[in-house]
């Protein structure tokens with residue numbers, strides 16, 4: 001069976017780049033435990049509730065704040081669509097939902113460090129200052145004309161979910177803009 | 001620069017959106033046999049000076065279709081709703 005490789009495998013080589021006297025941020029990737037999109041129609045809320053409950057999630061959350069439970073994260077990406085990262089989606093009990101396995105269709109670029117927000121502010125037309133973009137919040141926007149989802153994990157740590165086919169391009173846009181800050185690239189785990 | 005208040009994502013830059021179509025046009029009934037209503041529907045548009053309703057797609061966001069009021073003279077943006085929630 002073919003081994004599934006990250007499209008960022010060739011990018012994630014350990015090293016320090018750019019401004020030599022500082023390391024403003026670290027860039028890397030991580031494997032998704034499993035990524036599913038559930039979608040529905042007018043009765044989406046009631047149809048999705050059994051799935052969310054089985055994952056320990058209270059509800060689908062808001063368009064701004066991700067929901068967390070043990071082993072699962074949910075992002076409400078549209079009125080009738082939720083993105084769920086989990087290894088075990090347990091979707092059999094939701095016949096009314098459309099389920100789409102995106103586990104190999106998205107890559108995650110991880111950003112960490114004191115210059116992370118500075119880098120993001122260079123590339124997205126959204127206020128990413130700590131007061132406006134707090135831990136637990138997310139937004140969907142574009143980087144390098146590619147639709148991405150940016151999730152704030154803590155004050156200076158972010159996950160960026162990127163379509164796998166564009167992951168390399170988005171990485172390069174981030175990397176080029178990160179060089180003046182000093183960037184450490186992390187080996188694929 | 002146009003900024004659009006998406007009902008799902010909030011206030012966003014125009015660069016995240018793409019223009020779709022004139023939102024004031026209605027398709028004739030499928031049993032319409034006259035040529036003119038279909039001709040108008042497919043080809044003929046008014047060119048208003050002032051407020052106008054348009055379809056926009058939040059392509060780099062929630063990917064929802066929106067109905068947006070835009071002033072063609074000033075580029076001022078008015079009400080913005082999800083297209084699915086707009087009744088004729």
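Taken together, the values in this text are just the output of simple stated rules run on the coordinates, not laboratory data. Not measured: the values here are computed from a predicted model. Methodologically, a virtual Cβ is constructed for each residue, glycine included, from the backbone with ideal geometry; neighbour enumeration extends over all protein chains shown.
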Anyone know which of B:59, B:42, B:25 comes out most mobile in the 10 Å Cα GNM of chain B?
-> B:42
Cα centroids of the range A:43-88 and the range B:24-88: how far apart, whole angstrom?
-> 33 Å
What is the average number of partner chain Cβ atoms found within 10 Å of a Cβ in B:16-28?
-> 1
How large are Rg and Dmax for the range A:69-110 when only the alpha carbon atoms are used, in Å?
-> 11.2, 34
Sites residue B:85 and residue A:155, calculated FRET efficiency, Cβ-Cβ separation with R0 41 Å, nearest 0.05 | 0.65
Can you give me the relative contact order of the range B:4-88 as a percent, contacts being Cα pairs under 8 Å and 6 or more apart?
-> 29 percent
Pairs of alpha carbons in the protein assembly as shown whose separation is greater than 32 Å (percent) | 35 percent
Could you work out how far apart the two model spin labels at residue B:34 and residue A:145 are, taking each label as a point 7 Å from the Cα in the direction of the beta carbon, and quote it in nm?
-> 4.4 nm
Relative contact order of the range A:35-101 (C-alpha contacts under 8 Å, at least 6 apart) in percent is 43 percent
Viscosity 0.692 mPa s, 37 °C: Kirkwood-radius Stokes-Einstein D of the range A:35-101 over Cα pairs, µm²/s = 288 µm²/s
Expected sort for A:42-54, A:102-114 on mean C-beta neighbours within 10 Å, highest first, is A:102-114, A:42-54
Within the P(r) computed for chain B, what percentage of the Cα pairs occupies the region above 17 Å?
-> 52 percent
Taking chain A and dividing mean pair separation by its residue count, relative contact order in percent (alpha carbons under 8 Å, at least six apart) | 33 percent
In whole angstrom, the spacing between the Cα centers of the range A:165-180 and the range A:6-33 equals 10 Å
Find how much the distance from residue A:10 to residue A:105 grows on full extension, using 0.36 nm per residue of separation minus their present alpha carbon separation; answer in nm with one decimal.
-> 32.5 nm
Ranking B:69, A:184, B:32, A:21 by Cβ neighbours within 10 Å, fewest first, what do you get?
-> A:21, B:32, B:69, A:184
Angle, helix A:167-178 long axis vs. longest principal axis of chain A, Cα atoms, 0 to 90°, nearest 10?
-> 40 degrees
